[in-house]
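Presented below is the structure to which this report refers.
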Amino acid sequence: MGFSASESTLIATAISELSRNIVSYAGHGEITLRSTSVGGRLGLVIIAADSGPGIADIGLAVRDGYSTLGGLGLGLPGVRRLMDEFELVSALGRGTTVMVTKWRP
């Protein structure tokens, strides 16, 4: 898609973090990648979805340093920083969907 090597590394890191969250919290889910174009801008959309327990407090979950598994709490906040757009939707007992976009410069 024309991303530089460093941008590709950022994208791969975000995908890895989203995948790790699916495995750690939901056990299974899916990652979907698709290209997008808006007003002549090209980008990559990554959608991470699961049907796990959901997130009780989204604001807390995207705060640096917060972790329910005893980690560093950098996963979702890190993904948000690495990507250009970040959207998280979650419902308790129904699952979580994270959609992020990286625009090509």
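The values are calculated or read from the model by the stated rules, or taken from the named source; none is laboratory data. What you see is a predicted model, and the numbers here were worked out from it, not measured in a lab. Don't worry about glycine lacking a Cβ; one is built from the backbone with ideal geometry, like all the others, and counts go over all protein chains shown. Heads up: the accessible areas ignore ligands, DNA and RNA and are worked out on the full protein's heavy atoms, side chains in. Shrake-Rupley method; radii C 1.70, N 1.55, O 1.52, S 1.80 Å.
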Vicinal HN-Hα couplings computed from phi for the range 12-22 (Karplus, 6.51 cos²θ - 1.76 cosθ + 1.60; Hz; Gly/Pro x): 4, 5, 4, 4, 4, 5, 5, 5, 4, 4, 4
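Using a 1.4 angstrom probe on heavy atoms only, work out the carbon and sulfur share of the accessible area of the chain in %.
Here it works out to 55 percent.
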Before rounding to the nearest 500, sum -39500 (n - 2.57) across all DSSP H runs of length at least 4 in the chain and divide by the residue total; then give [θ] at 222 nm in deg cm²/dmol. -8000 deg cm²/dmol
Can you sort Glu7, Glu30 by 1.4 Å-probe accessible area, starting with the largest? Glu30, Glu7
Expressed in nm to one decimal, what extension gain is obtained for the pair Val89 and Arg41 from 0.36 nm per residue of sequence separation less their Cα-Cα distance? 14.8 nm
For the modelled label position 7 Å from the Cα of Trp103 along Cα-to-Cβ, which residues of the range 20-47 have backbone nitrogen atoms closer than 17 Å? 35-46
The Kirkwood hydrodynamic radius of the chain, taken as the inverse of the mean 1/r over all distinct Cα pairs, in Å, comes to 14.1 Å
Using a Förster radius of 25 Å, what is the FRET efficiency between Ala12 and Ser51 based on their Cβ-Cβ separation? Nearest 0.05, please. 0.50
Measuring from label point to label point, each 7 Å out along Cα→Cβ, what is the Leu60 to Leu33 span in nm? 3.4 nm
Give me, ordered by chain and number, the residues 5 or more places off Arg104 or on other chains with an amide H under 5 Å from its own placed amide H. Leu42, Gly43, Leu44
